[in-house]
Amino acid sequence: MRLSNVERKTVVDYRLQKAKETLAEVPILIENKLWRSAANRLYYSCFYAASALLIKDGHQTHTHNGVKTILSLYYIKENKIDKSLIKIYGNLFNMRQRGDYEDWVIIEEEDIDPLLKPAEKFITEIENLINKNT
């Protein structure tokens with residue numbers, strides 16, 4: 001589907017807002033020791049931000065793996081995003097996959113705590129890229 005510039009900006013703004021709202025859910029989940037849900041929301045907050053960037057730049061993907069691939073191809077290789085942030089995104093992706101789809105997976109506080117600040121940084125960096133040259 002081809003979006004006009006106005007439609008694209010609307011979707012990008014919506015996805016960034018969704019990323020921030022989803023990230024705001026995480027402390028509530030942490031407070032209630034809902035680690036698996038916290039992992040899910042951390043991942044999705046980054047996914048929404050990443051998908052906003054891809055939409056802004058005219059990239060299309062229909063899968064979560066596609067988002068990871070395009071981030072690597074167009075943003076890591078061109079040094080637009082720090083490699084460590086993509087690693088965090090990949091870690092969140094894997095944790096969310098295991099937590100959502102595998103039985104008997106245990107996600108604990110020590111799994112989530114080291115990812116919170118990097119996820120926040122990921123979203124900030126993505127937002128900065130989106131706002132650059134707009």
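The values are calculated or read from the model by the stated rules, or taken from the named source; none is laboratory data. These numbers come from a predicted model, not from an experiment. Don't worry about glycine lacking a Cβ; one is built from the backbone with ideal geometry, like all the others, and counts go over all protein chains shown.
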Is it true that Lys18 is modelled with pLDDT of 95 or more, surrounded by 17 or more Cβ atoms within 10 Å (Cβ to Cβ) and part of a helix (DSSP H, G or I)?
yes
Determine if the range 34-46 includes at least one residue that is surrounded by fewer than 13 Cβ atoms within 10 Å (Cβ to Cβ) and part of a helix (DSSP H, G or I).
no
With respect to Ser72, determine if the residue is surrounded by 15 or more Cβ atoms within 10 Å (Cβ to Cβ) and out of contact with any Phe, Trp or Tyr (no Cβ under 9 Å at 6 or more places or on another chain).
yes
From the options Ile88, Ile70, residue that is free of Cβ contacts under 8 Å to residues at least 60 places away in the same chain, touching a Leu at 6+ places or on another chain (Cβ under 7 Å) and more than 25 Å from Arg8 (Cβ to Cβ):
Ile88
From the residues in the range 7-53 that are basic (Lys, Arg) and farther than 16 Å from Lys117 by Cα, which one is farthest from the chain's Cα centre (by Cα)?
Lys33
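Results for (1) free of Cβ contacts under 8 Å to residues at least 60 places away in the same chain; (2) more than 27 Å from Trp104 (Cβ to Cβ), shown as yes or no for each residue.
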site: Arg8; (1), (2): yes, yes
site: Val12; (1), (2): no, yes
site: Lys18; (1), (2): yes, yes
site: Leu23; (1), (2): no, yes
site: Val26; (1), (2): no, no
site: Leu34; (1), (2): yes, no
site: Lys56; (1), (2): no, yes
site: His59; (1), (2): yes, yes
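Being part of a helix (DSSP H, G or I) and either of a type in the set (Ser, Thr, Tyr) or touching a strand residue (DSSP E or B) at 6+ places or on another chain (Cβ under 8 Å) (or both) is the filter here; which residues of the range 49-83 pass it?
Across the range 49-83, the qualifying residues are Ser51, Thr69, Ser72, Tyr74, Tyr75.
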